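Enquirer: Below is a structure I'd like to ask you about.
The values are calculated or read from the model by the stated rules, or taken from the named source; none is laboratory data. What you see is a predicted model, and the numbers here were worked out from it, not measured in a lab. All Cβ positions, glycine included, derive from the backbone under ideal geometry; neighbour counts span all protein chains shown. Ligands, DNA and RNA are excluded from the accessible area calculation, which covers all protein heavy atoms including side chains. Shrake-Rupley method; radii C 1.70, N 1.55, O 1.52, S 1.80 Å.
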Amino acid sequence: ANVDTQEAATSNSDDDNANSDQNIASSQSSQYVDKKPRWWRQHAGRRGTRSQRAALARMSKLGYVIERASYGDELDLVDMFARRPRCACEKDSNEDTECISNTRNTTTSTDADDTKEYWLEIGFGRGENLLASARINRARCYIGADVHQPGACIALGRMEEAANTNTYWDQAMLHGSARAADETSSRVEDATFKPYDNVRIYCGDGIKLLHSIPAQSLSAIVLPFPDPWPNTLSGHSKFRVIQPDTLPCLERVLKCNGMLYLATDDVAFDEWCRDIFDEHGKERGW
């Protein structure tokens with residue numbers, strides 16, 4: 001009987017400890033932590049090569065790169081896309097050498113169309129999906145945000161080549177007549193529009209960028225296969241992009257009936273996101 005009592009007491013103690021650990025983990029993972037571990041920063045936060053950084057500098061000068069926003073500043077999306085980026089082959093002029101400013105200007109271009117759709121893709125990698133979407137939907141305005149500088153520079157290099165050749169970058173591996181037909185459709189005949197004039201790149205954390213985006217201004221947010229951070233035993237879940245405190249930030253910048261597209265191939269991360277979405281919906285009465 002004493003043994004049974006001790007086993008029961010031990011079992012209850014283990015359950016209490018497990019519940020306590022779950023509560024601690026839940027409280028620790030309720031907020032998004034943008035400062036990643038040192039080992040992650042050494043791998044994912046490394047600088048691009050010299051040629052990649054040169055491409056970043058050139059595209060920044062031409063107007064394709066969004067500068068880092070200061071705290072409290074707000075992006076003027078209409079004015080940002082109303083100013084057409086220059087092509088590298090164009091001559092410099094005093095009027096066209098400014099990079100994209102983060103702050104909302106006091107005067108907005110009268111030619112800007114504030115009825116356009118603005119899409120944000122967080123974690124675009126090397127830009128395959130971002131550039132393909134911008135090519136298919138030229139009337140939309142796309143913002144790509146990624147902390148990985150080498151990948152962002154590769155996307156900017158593809159955009160630079162497309163602007164100089166007046167031909168969209170082709171990610172498809174096509175051959176023969178299919179490739180010839182695709183190359184023909186990739187060329188831009190409109191002299192007033194350069195490939196990827198509707199794309200701007202932000203080299204930084206897209207979640208932090210949300211604080212600088214005006215409320216109810218985005219038609220859609222795309223999260224293509226974000227890092228699932230599967231090692232939950234080490235507390236890595238707090239680094240996941242979907243957290244209870246990030247959903248209100250995503251919701252704030254989306255228009256009414258705006259869409260959030262999330263793709264993942266990790267089962268644990270999928271369940272994690274569904275639980276957070278369900279809880280957020282209950283709080284909103286959905």
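Enquirer: Out of the stretch 240-271, which residues are touching a residue at least 40 places away in the same chain (Cβ under 8 Å), farther than 14 Å from VAL222 by Cα and open to solvent by 40 Å² or more (accessible area, probe 1.4 Å)?
Expert: Result: PRO244, ASP245, ARG252, CYS256, ASP265, ALA268.
Enquirer: Now, a different point. Mind checking which helices (runs of 4 or more DSSP H) fall wholly inside the stretch 68-183 and carry at least 2 residues that are in contact with a strand residue (DSSP E or B) (Cβ under 8 Å, 6 or more places away or on another chain), surrounded by fewer than 21 Cβ atoms within 10 Å (Cβ to Cβ) and at pLDDT below 90? Working first, answer last.
Expert: Numbers: elements: 77-82, 128-136, 149-165.
Correct list: empty, since no element meets the threshold.
Enquirer: Among the residues of the stretch 212-228, write down those that are under 13 Å from the mean Cα position of the chain (by Cα) and not in a strand (DSSP E or B).
Expert: Narrowing the stretch 212-228 to residues under 13 Å from the mean Cα position of the chain (by Cα): 213, 218, 220-227.
Within the stretch 212-228, ILE213, PHE225, PRO226, ASP227 meet the criteria.
Enquirer: Against the condition touching a residue at least 60 places away in the same chain (Cβ under 8 Å), of a type in the set (D, E, K, R) and open to solvent by 40 Å² or more (accessible area, probe 1.4 Å), how does ASP278 come out, does it pass?
Expert: no
Enquirer: Would you confirm whether or not the stretch 229-251 contains a residue that is at negative phi, touching a Leu at 6+ places or on another chain (Cβ under 8 Å) and not in a loop (DSSP other than H, G, I, E, B)?
Expert: Taking every residue of the stretch 229-251 in turn, at least one turns out to be at negative phi, touching a Leu at 6+ places or on another chain (Cβ under 8 Å) and not in a loop (DSSP other than H, G, I, E, B).
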